[in-house]
Amino acid sequence: MYILENDKLAVHVLPELGGKITSLYLKEKEFELAAPNRTGQYRLPGGVVQTGKKTDFGPDFSQYDASGLDDAFPNIDPGLVEWQGRKLYYPDHGEIWSHMMELQEIPEGIRLSYASAAFGYAYEKRMELKDSSLSLHYRIENRGGGEFPFLWTFHGLMRYEEDMRLLLPTDFEYYRNVLSHPVLGEEGRIYPARNGIYDFSRVPAPESKSMVKYYGEGKSREGACGLWYPSRGVRCMLRYDAQTLPYLGVWITAGGYRGDCNCALEPSTGFYDGISRARENGSLKVIKPGEIFSFTLEICLENTGS
């Protein structure tokens, strides 16, 4: 465990689990943003082995801890993709969450790095504290001999509170349900942002024992979204380049998934979750050999008073 700290924030990082942020703590409000690990223990998954067997898809994410803030890269949904004559096995929730990253202290903060033997990319994440903001600077380089198709999605599981509000981009006019839900119905149904069926600015009540996942329909141009905790007097804002991360997913479990309660805002490069699906709808990112894909995501915790 590594602790990155200033007078406003304390950030706990696990290099052993892809640089998972296990704690993002706002000191002046005694407020923890990261969804907690309910067992207090972190199991270390094994790596991905490409042998043509079912184990190609790596560790089953559902069998491990679902807490804290991770990166889902180079995908979310597992699957086999044929690309330029190659067979690429994309593991469950990607590679990063289940692999050890090398940590190096640098003047601005820390640098985490990982080199993928399966896909040939080099992955770097730098963490830097500025006042009450944590900046995550990413650099992904294709060092392989062929094109590398991918999705990058922020998989930040955050604190759930019943009275919290979701601060979603105002230019989303519609939302697409991507998980069967008792109110939103089957996967694929599309709803206006304002409707008489479901309030996208709220979370389900804990007694519902439900889970929900939806995406903004189309691209957002705002580059910002957030969570407001009115009873705590804290607002969390995610800020990023809207051209780099134009899509946004929302995941909420109010006891419906393994009994967990958490909420995730998931800015993403593509729409949505699976490589094949993103390829079909024209939103898949591809890095050519030698190319670099870089961007920044800022997490800001704001004291809103009372």
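Since every read-out is calculated from the coordinates, none of them should be taken as a lab result. On a predicted model such as this, the values are computed, not experimentally measured, just so you know. Cβ: placed from backbone, ideal geometry, glycine included. Neighbour counts: every protein chain shown.
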When the helix-only estimate is applied to the chain (DSSP H runs of n ≥ 4, each -39,500 (n - 2.57), divided by the residue count), what is the mean residue ellipticity at 222 nm, nearest 500 deg cm²/dmol? -500 deg cm²/dmol
Taking every eigenvalue of the Cα gyration tensor of the chain, multiplying by 5 and rooting it, what semi-axes result, largest first, whole Å? 28, 24, 19
Relative contact order computed over the chain (Cα-Cα under 8 Å; 6+ residues apart), in percent: 18
By a straight-distance test (C-alpha under 30 Å), which lysines pair with Lys209 as possible cross-link partners, with residues fewer than eight away in the same chain excluded? Lys20, Lys29
For Phe271, distant residues with modelled amide H under 5 Å away: Ser283
Output for region 115-216: trypsin sites (Lys or Arg not before Pro) sitting in coil per DSSP, at most 10 other Cβ within 10 Å, listed by number, reads Arg194
Under 16 Å from Lys27, Cα to Cα: aspartates and glutamates that are on another chain or at least 8 residues apart: Glu5, Asp7, Asp131, Glu302
Please state the Cα pair-distance histogram of region 167-306 with 5 angstrom bins from zero: what percent is in each bin? 2, 9, 16, 20, 21, 16, 9, 4, 2, 1, 0
Partner lysines whose C-alpha sits under 21 Å from that of Lys219, ignoring same-chain residues fewer than 8 away, are Lys285
